[in-house]
Amino acid sequence: MPLVTNFDTVIGLEIHVALLTESKFLCSCKTSFGAPPNSQCCPVCLGLPGTLPLINEKAVEYGAKAGLALGCEIHYFSRFDRKNYFYPDLPKAYQITQDAFPLCTNGFLEYYVDDQLFRTEITRIHLEEEAGKLIHSGQSIVDSEYSLVDYNRAGIPLIEIVTAPDIHHPKQARLFLEQLRLLMRYIGVSDTKMEEGSLRCDANISLKPKGSSVLGTKVEIKNLNSFRALERALEYEELRQSQVLSGGGVVRQESRTWDERAGKTMSMRSKGDAPDYRIFPEPDLPPLNLDPVWVELIAANVPELPLARLRRLERDYGLSRYDATFLVNYPEFCELFFQVAERGLGYEDVVNFLMGDYARLAREKGHLSAERISELLTLVDEGTISQGQAKEVLSSLFSSGLSPREIVQERGLEVVDDPGRLEPVIREVLAANPDLVRRLQDGETKLYGFFVGQVMRATQGKADPEVVHKLLRGELGK
Amino acid sequence: MFDLIDRQDVIRMARLARLELSEAEIDQYQQDLAGFVSSGRKLQQVDVSAVEGTSHAVVVTHELRKDEVAESLPQDLVLSTGPDVSDGFFRVPRIVEEQE
Amino acid sequence: MRQLAHMLDTRQATSREIVTRYLEQIAQQEPQLNAFITVDEDGALLQAEEADRRRAEGRALSPWDGIPIAVKDNISTAGLKTTCASRFLENYRPLFDATVVDNLRQAGLPIIGKTNLDEFAMGSSTEYSAYGVTRNPHDLSRVSGGSSGGSAAAVAAGEAPWALGTDTGGSIRQPASFCGVVGLKPTYGAVSRYGVVALAPSLDQVGPVATTVEDTAILFSLIAGPDRRDASSSEARPFQVPRWDEQFVTGLKIGVPEEFFGEGLDQEVEQAVRKCLAELESRGAVLVPISLATNEYAIDTYLTLVTAEASSCLARYDGVRYGTRVAAADSNTMFSKSRAAGFGSEVKRRIMLGTYVLSASHYEAYYEQAQKVRTLIKRDVLASFEEVDVVITPTTPTPAFRIGAKRNPLEMYLSDLFTAMANLSGIPAISVPCGKDSKGLPLGIQIMASHFQEELLFKVAYMVERGCL
């Protein structure tokens, strides 16, 4: 819960998502990350004199897909504009974007925060091009003698998603962003890696007196490089603004940058008036006129989205919110779940299995096939091996190509449940510990476990615990 | 006519456009801007209530470009026109966030 | 051009000989004219030799293979300096050819040099070039017009058989008129703009300049056509270089707009144009008085839009990736100093104007308003073509003026009085010589037609050429 109680916190987010197209937004250069500097550039994305932009069809498709997944109205008519400003990472000294007529408006995202369902309105989504990358010679931009510019990223297609000022605490903002990222991955339009710059988020935050309908002065926060940073920065800013306001002061409208190390937001140097971008319609590009049939096809290709999947898992598979959330958050696990579950195993068992040791091992070493997982779970289900033995087999499955049955056979791991084989072992164990037997019979019932353990040890864990219990009771009864 | 354009306006335009002007130039452009504005007043009288603006002289509809990769320029060629390059990058002096 | 082609075809001359002849003319004329910024002697001769080789092996690329051409210096030529007549791009060598240059190369035309222009194509006299003015071959004390002054003068003086220019508000037609040659501004979108250094993308077009109408049409046929790299280029339209047709103007309806014959029009220009119209009438054309009332707003609308677009298009010249950089301790200062040093005063003026009309507090009243008035102008122009087939006007209000005569920039802008309308509405327009005035200065007549009616334009232009010189 927010630390401040006299104020309502109002947060809006501006998210930039890089689209996973093969080529850039306005030219045919490659979009892959990590190439040597200035090796994925051409006259167009460098803005060399005389060059002209050409819109990438797939970027439009992905933009529309994102809009559809977020319940937006897709505008068949949209237009490109020039946003003019000078910066070394901007080759044309203007960015081609959509200002007046964006591709999508009026959407929303629903998501859970601590089991409570929230809904955040999406005001608009539009297409625009990315700028290049700057590397500063010093620690930060302000104390660098020079900066280095790499234009590989210049021209990468982006969508800018703007939320309404609909979010009311920092944690909610983080969860929203996480869910948005998940959604983008579900529909396959972006790999949303903050560390690679394919997902960026700026936040706007203002405070208003509790219950008031008049919004306060908003502050923009930039340089948020992780989900944690988003939450922390908003928490910090919330506190800072409340202190200013409580002290009778006025919050200044400005942009502030988040300093991760210092743990605070800092005013950015003299950004007094709003910049004048002199936005006007892009003359080099005709307006975008989409065919409704084409948009329908894209809509038909939107897969089951996270919230819908969550509900389906709860409803049709009877999974708990917690378990269902795990599967929804990790689509690969969810795929396995569906595949394994249809082979007639208990849903709970499958989920528990996937969330257990398997999860850790799979993250390190990659997933197993649905077949092998099913087989393993079936072996336990039918009693051929115990849970404990299953763990051993599981580890082996990651390094061997054998099937679970083959591994069990190879290692002779089958459960021993033949009384004929177990009785001698039990008698031996009892004979070896006469004092403990006497103490157990006298009433120290917790020693019972010791004997079971000894039998398990003597049989390398292969003894069927139920049979051991039965036989042991029988022996002790004598 | 000079009061049509503030000297401050001129200075602000010059800053927006990243043009370093001498005092004489500021005076000259103040005069030129004023002349243009006074002449341009005529346009503002025109009744345009019934029309949309023209951004494209002849509207063309094209098929959008297919998402296919084409070869980029080699790095050395990209940098070949650069006044100051270093280790594969273009180099620029200190970037100061400035008020417009 | 057919003569030159014939000579090459019948081996009466080689391309090398032809190119050499033009180079000699250039060497002789340049000290007076200054029509070229760069003359590529070695390159042109090399290309000429290749052309000769091709012809010898029977694989000429076109009938015009080996005939040299001059190209305005705001059109990118790979490896060959493209300065836009600016200090900023003094040593800039493009990494690629403009599409139109590509077209020329595919037809086998050696590029003899890059012609002078007003800096970044901003101007009407070529006086704004950083490399000196281009003098009018008919009177060296006068301008050759602009911004394609170099191309027009080069062709008029016989330094090149033909040339490419660009036209944003009249920049091909006006110099063509001043120098007594033919110049066409094609329909917007008919010719690719890829590789042409942008001044105002919604108004710019590349066009041919030559001494005869037919040559102009031939050159147009070489460069017209869709280009995948230019989203504003229109789809393919068939164009045939028309043949002379004596009967052609019979019944042709020629619109004569009264607004173009009012105050400010030089008397001798008016006489020449009216005489030409009478000649056409005598051959069967029907003169229809029309009104293009919106022309009153053309210059102001044009100025608002061209400066706005130019201010944006020229922002990329910041000294980071190419161009003349002035060192400074911080980037913003570096930008401001480099641009101030690299740009001439007219360029700076237009950038300032454009920045003003686009700025937040003025956008609606200036830029948006101008865009809407543009719609009215376009409608007015297109409506006239429902009444008439072509519209004929003088190309410019006066013949070539003296160098240094137009001190006031606003005065200079009035040169576009009759030509800007075509750019604003996107229609094609051609300027054809129609005689000389009492001082021996060339006079030009302008013919306009509706979108993509270049064939019609050329046919009417033939008539003018035959009857009005």
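Based on this model, can you work out whether A:Asn301 counts as exposed (fewer than 13 other Cβ atoms within 10 Å of the Cβ), of a type outside the set (Phe, Trp, Tyr) and within 14 Å of chain C (Cβ to nearest Cβ)?
no
Could you please let me know if C:Ser151 is under 11 Å from the mean Cα position of the chain (by Cα), in a helix (DSSP H, G or I), of a type in the set (S, T, N, Q) and buried (at least 24 other Cβ atoms within 10 Å of the Cβ)?
When the stated conditions are applied, C:Ser151 passes them.
Report, by residue number, each residue of region A:47-94 that is within 8 Å of chain C (Cβ to nearest Cβ) and on the phi > 0 side of the Ramachandran plot.
A:Gly47, A:Gly50, A:Ala93, listed by residue number.
Residue-by-condition table, conditions (1) open to solvent by less than 60 Å² (accessible area, probe 1.4 Å); (2) under 29 Å from A:Thr384 (Cβ atoms):
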site	(1), (2)
A:Arg411	no, yes
A:Glu414	no, yes
A:Asp417	no, yes
A:Arg421	no, yes
A:Glu428	no, yes
A:Ala432	no, no
A:Leu440	yes, no
A:Leu447	yes, no
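Identify all residues within region C:302-330 that are surrounded by 24 or more Cβ atoms within 10 Å (Cβ to Cβ), under 19 Å from A:Pro283 (Cα atoms) and at the interface with chain A (Cβ under 7 Å from one of its Cβ atoms); write none if there are none.
Of everything in region C:302-330, those that are surrounded by 24 or more Cβ atoms within 10 Å (Cβ to Cβ), under 19 Å from A:Pro283 (Cα atoms) and at the interface with chain A (Cβ under 7 Å from one of its Cβ atoms) turn out to be C:Ala308, C:Glu309, C:Ser312, C:Ala315.
A:Leu307 fails exactly one of the following numbered conditions: (1) in a helix (DSSP H, G or I); (2) of a type in the set (A, V, I, L, M); (3) without any contact (Cβ under 8 Å) to a residue 60 or more places away in the chain; (4) within 30 Å of A:Leu345 (Cα to Cα). What is the number of that condition?
Answer for A:Leu307: the failing condition is (3).
Can you go through C:Thr396, C:Thr375 and tell me which one is part of a loop (DSSP other than H, G, I, E, B) and either under 25 Å from the mean Cα position of the chain (by Cα) or modelled with pLDDT under 95 (or both)?
C:Thr396
State whether the residues of region C:281-288 include one that is aliphatic (A, V, I, L, M), within 14 Å of chain A (Cβ to nearest Cβ) and in a loop (DSSP other than H, G, I, E, B).
No, every residue in region C:281-288 fails to be aliphatic (A, V, I, L, M), within 14 Å of chain A (Cβ to nearest Cβ) and in a loop (DSSP other than H, G, I, E, B).
Between a first residue in region A:360-387 that is over 13 Å from A:Phe398 (Cα atoms) and a second residue that is open to solvent by 100 Å² or more (accessible area, probe 1.4 Å) and part of a helix (DSSP H, G or I), which pairs have beta carbons less than 8 Å apart while being 6 or more apart in sequence or on different chains?
Close Cβ pairs satisfying both conditions: A:Glu375/A:Arg405; A:Leu379/A:Arg405; A:Val380/A:Gln387.
Write out, first by first residue and then by second, each pair whose Cβ atoms fall under 6 Å of each other, whose residues are 6+ apart or on separate chains, and whose first residue, in region C:345-374, is more than 8 Å from chain B (Cβ to nearest Cβ) while the second is open to solvent by 10 Å² or more (accessible area, probe 1.4 Å) and acidic (Asp, Glu).
C:Ala360/A:Asp276
From A:Thr384, A:Thr378, grab the single residue that is hydroxyl-bearing (Ser, Thr, Tyr) and part of a helix (DSSP H, G or I).
Being hydroxyl-bearing (Ser, Thr, Tyr) and part of a helix (DSSP H, G or I) holds for just one of A:Thr384, A:Thr378, which is A:Thr378.
Can C:Ile377 be described as open to solvent by less than 10 Å² (accessible area, probe 1.4 Å), in contact with a helix residue (DSSP H, G or I) (Cβ under 6 Å, 6 or more places away or on another chain), more than 9 Å from every other protein chain (Cβ to nearest Cβ) and of a type in the set (A, V, I, L, M, F, W, C)?
No, not satisfied.
Can you go through A:Glu14, A:Glu57, A:Glu22 and tell me which one is over 25 Å from C:Arg316 (Cα atoms), in contact with a Ser or Thr (Cβ under 7 Å, 6 or more places away or on another chain) and open to solvent by 20 Å² or more (accessible area, probe 1.4 Å)?
Result: A:Glu22 is the single residue among A:Glu14, A:Glu57, A:Glu22 that is over 25 Å from C:Arg316 (Cα atoms), in contact with a Ser or Thr (Cβ under 7 Å, 6 or more places away or on another chain) and open to solvent by 20 Å² or more (accessible area, probe 1.4 Å).
Would you tally the residues in region C:410-430 being facing chain B (nearest Cβ under 10 Å), open to solvent by 10 Å² or more (accessible area, probe 1.4 Å) and in contact (Cβ under 8 Å) with a residue 24 or more places away in the chain?
Adding up the residues that qualify gives 1.
Do you know which residues across region A:451-478 are loosely packed, with under 14 Cβ neighbours inside 10 Å and either in contact with a Cys (Cβ under 9 Å, 6 or more places away or on another chain) or over 15 Å from A:Gly420 (Cα atoms) (or both)?
A:Gly453, A:Arg457, A:Gln460, A:Arg473, A:Gly477, A:Lys478 - these are the residues of region A:451-478 that are loosely packed, with under 14 Cβ neighbours inside 10 Å and either in contact with a Cys (Cβ under 9 Å, 6 or more places away or on another chain) or over 15 Å from A:Gly420 (Cα atoms) (or both).
Out of the residues in region C:101-119 meeting the condition of being touching a Phe, Trp or Tyr at 6+ places or on another chain (Cβ under 8 Å) and not in a strand (DSSP E or B), tell me which one is surrounded by the most Cβ atoms within 10 Å (Cβ to Cβ).
Filtering first and then ranking leaves C:Asp118.
Answer with yes or no whether C:Gln240 is over 30 Å from C:Arg379 (Cα atoms), surrounded by fewer than 17 Cβ atoms within 10 Å (Cβ to Cβ) and of a type outside the set (Val, Ile, Thr).
no
The values are calculated or read from the model by the stated rules, or taken from the named source; none is laboratory data. Predicted, not measured: the structure shown is a model, and the values here were computed from it. Here the Cβ is made from the backbone with ideal geometry for all residues, glycine too, and neighbour counts use every protein chain on show. These accessible areas exclude ligands, DNA and RNA; they are computed on the full protein's heavy atoms, side chains included. Shrake-Rupley method; radii C 1.70, N 1.55, O 1.52, S 1.80 Å.
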